[in-house]
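Participant: Shown below is the structure under consideration.
The values are calculated or read from the model by the stated rules, or taken from the named source; none is laboratory data. Predicted model only: the values in this text are computed from it and were never measured. Glycine also receives a Cβ, built like all others from the backbone with ideal geometry; neighbour counts cover every protein chain displayed. Surface accessibility is based on the protein's heavy atoms, side chains included, excluding ligands, DNA and RNA. Shrake-Rupley method; radii C 1.70, N 1.55, O 1.52, S 1.80 Å.
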Amino acid sequence: MDARRPPALSARTTPTWEVELLISGVAVFAMLQLPGWLDDRMFALEPRVGSDWRPVLLLFYIYSKSTAVVLAVTFAIHLLLRAQWIALVGMDSVYPQGVQLDRLRMGPIQRAIEEARPESSADAIERADNRASVLFAIGVSIALIIASICIFFCGSLLLVNLLAQSFDWPIDPLKVMLGLFGALMLPFMAASMIDQFRGDRLRPGGATHRVIAATLRFYTRIGMGRRNSHVVALLTSNGGERRMMAVVVGIMVAALLGVGAAYTAMGSPGAIGSYALFPDSGHLQLRSEHYDDQRNPARDAALPFVQSAVITGPYVKLLVPYRPDRDQPAMRTHCAHARLLQGDALARRLACLQALHPVSLDGKPLPGLRYEIASDPRTDRPALLAMIDVRNLAPGRHDLRIARPPRGDRRPDNDNPDPGFDAIAFWR
């Protein structure tokens, strides 16, 4: 071999390897940051929406983050596999004679096993090259499938929700969407099963044959044909349909369940860890969300808070964030007059919220407390503001309790019943 010329790549090398490396190298850093960005946006938007819009937001978040996670993992692993392939190509250039089994220390049995599996460096290079390309194709295809489901399902759910609110329909948009999706899929599944198990017995040109053909042709045109995702069709037809479909569906389910579990864990960080014997004080626990100088406004729940655990000034500044998922249904149920849009509607709505969030200090109600209309300065979300005079309080610990609006679905037999109030401890 001419030492002045590097060895050329095999003619069977994947021709897109340079583009694959470029895409993975450029996009992997963005994809690794995107899930965290989506988490921040979810926690920022969730307190702003009511129970009717929450399913739309939650599903869009889960599908979007699953897409980002699949792409991030795909690009990261693809870079590692391409690095392995490059290392094999380089080592083949340095050691063109390949693996020298006679120079390795092993017993006669293991040597016989190794010699029975002849494999050249070219074979190892080709296998590493193919493995990287197949992984890249699978990951990108799964991400596109999840993104397509997100656009179709969340977009349709958004439309149904808008129609339900515009015409005041007493329906559950999510249940309606699931019903419509099932009705849409039923003809396709029925036609596919009849074609697969009885298609060879149908008379060409007969009524049943024409109906089956028309049904499958329609669904193929709207994107449900076997070759609409050409990459998946290539993988399933050449790599084994059951095996490849199990891989595709398994990765999709794992991504969706993983994102859902991570979201639940982020909402209850104390549930992760060996804390079974730690004393649980329930609603009396000192939570950082209740103190403005300790809370994380980007991630913490929208709970009432005061300026600090230690109050040095004459007033406790209590902010009670407005939560559409609880306050809005409670106002409609318990304060029907609050929905009036004329006259003193502003004063009536404020009085309604005042009645839904009474405050007690050290177990004694504060009947003269008055809320002001304000906003959380760090999240710009609407809130109620109360300035509580604590100049005459004795030094030591004191407890505020802010009532929560009653929930219609509260169950007394729940293992963790809602206490009905938020407790905030502070010291003078």
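Participant: Which are the unpartnered cysteines of the chain, meaning those with no other cysteine Cβ under 4.7 Å from their Cβ?
Facilitator: C150, C154
Participant: Let me know the longest stretch in the chain that avoids all chymotrypsin sites (Phe, Trp or Tyr not before Pro) found in a DSSP loop with at most 14 other C-beta atoms within 10 Å. Spell out each step's value before the answer.
Facilitator: Details: sites that count: F167, Y275.
Longest gap between qualifying sites, sites excluded: 1-166.
Participant: If R₀ is 56 angstrom, what is the calculated FRET efficiency for the pair L45 and H209, using the beta carbon separation as r and rounding to 0.05?
Facilitator: Here the calculated transfer efficiency is 0.65.
Participant: Additional query: Take A87 and M224, extend 7 Å from each Cα along the Cα→Cβ direction, and tell me the distance between the two endpoints in nm.
Facilitator: Roughly 4.6 nm, to one decimal.
Participant: Helix 241-267 sits at what angle to the longest principal axis of the chain, using alpha carbons and giving 0 to 90 degrees rounded to 10?
Facilitator: 20
Participant: When the chain is treated as a GNM, springs tying every alpha-carbon pair under 10 Å, which of V249, V211, V73 comes out with the largest mean-square fluctuation?
Facilitator: Of V249, V211, V73, the Gaussian network model singles out V211 as fluctuating most.
Participant: Could you list the GluC sites (Glu not before Pro) in segment 50-141 that lie in coil according to DSSP, counting only those with at most 14 other Cβ atoms within 10 Å of their Cβ? Provide the component values of the computation, followed by the final result.
Facilitator: Values: sites: E114, E115, E119, E126; in loops: E119.
Of the GluC sites (Glu not before Pro), the ones in loops of segment 50-141 whose Cβ has at most 14 other Cβ atoms within 10 Å are E119.
Participant: Under 15 Å Cα-Cα from K317, which aspartates and glutamates qualify once same-chain neighbours fewer than 8 residues away are excluded?
Facilitator: K317 reaches E289, D292, D293, E372, D376, D389, D399.
Participant: While we're on this one: For the chain, what relative contact order do you get, as a whole percent, if you take Cα pairs closer than 8 Å and at least 6 residues apart? Provide the component values of the computation, followed by the final result.
Facilitator: Values: 432 pairs, mean separation 62.8, N = 428.
In percent, rounded to a whole number, it is 15.
Participant: Run lengths n ≥ 4 of DSSP H only: what is the helix-derived mean residue ellipticity at 222 nm for the chain, with -39500 (n - 2.57) per run over all residues, to the nearest 500? Before the final figure, lay out the partial values.
Facilitator: Details: 11 runs with 218 residues, N = 428.
Result for the chain, helices only: -17500 deg cm²/dmol.
Participant: Counting heavy atoms of the protein chains only and a 1.4 Å probe, report the per residue accessible area for the chain as a whole number of Å². Walk me through the numbers on the way to the answer.
Facilitator: On the way: 27030 Å² over 428 residues.
On a per-residue basis, 63 Å².
Participant: How many percent of the accessible area of the chain is carbon or sulfur, using a 1.4 Å probe? All intermediate terms of the calculation are to be shown ahead of the outcome.
Facilitator: Numbers: 16590 of 27030 Å².
Using a 1.4 Å probe with all protein chains present, the chain comes out at 61 percent carbon and sulfur.
Participant: Please give the length that would be gained between M245 and T16 if that part of the chain were fully extended, namely 0.36 nm times their separation in residues minus their C-alpha to C-alpha distance (nm, one decimal). Write out the running numbers ahead of the final one.
Facilitator: Working: separation 229, 0.36 × 229 = 82.44 nm, distance 2.42 nm.
Taking 0.36 nm per residue and subtracting the Cα distance, the gain is 80.0 nm.
Participant: Which lysines have a Cα lying under 29 Å from the Cα of K65, excluding residues fewer than 8 positions away in the same chain?
Facilitator: The qualifying lysines are K175.
Participant: Would you indicate which of [x] 32.7, 117; [y] 31.2, 98; [z] 28.8, 100 is the value of Rg and Dmax of the Cα atoms in Å derived from the coordinates of this structure?
Facilitator: From the options [x] 32.7, 117; [y] 31.2, 98; [z] 28.8, 100, the structure gives [y].
Participant: Could you list the trypsin sites (Lys or Arg not before Pro) in segment 94-129 that lie in coil according to DSSP, counting only those with at most 10 other Cβ atoms within 10 Å of their Cβ? Working shown, then result.
Facilitator: Numbers: sites: R103, R105, R111, R127; in loops: R105.
Sites meeting the loop and neighbour criteria: R105.
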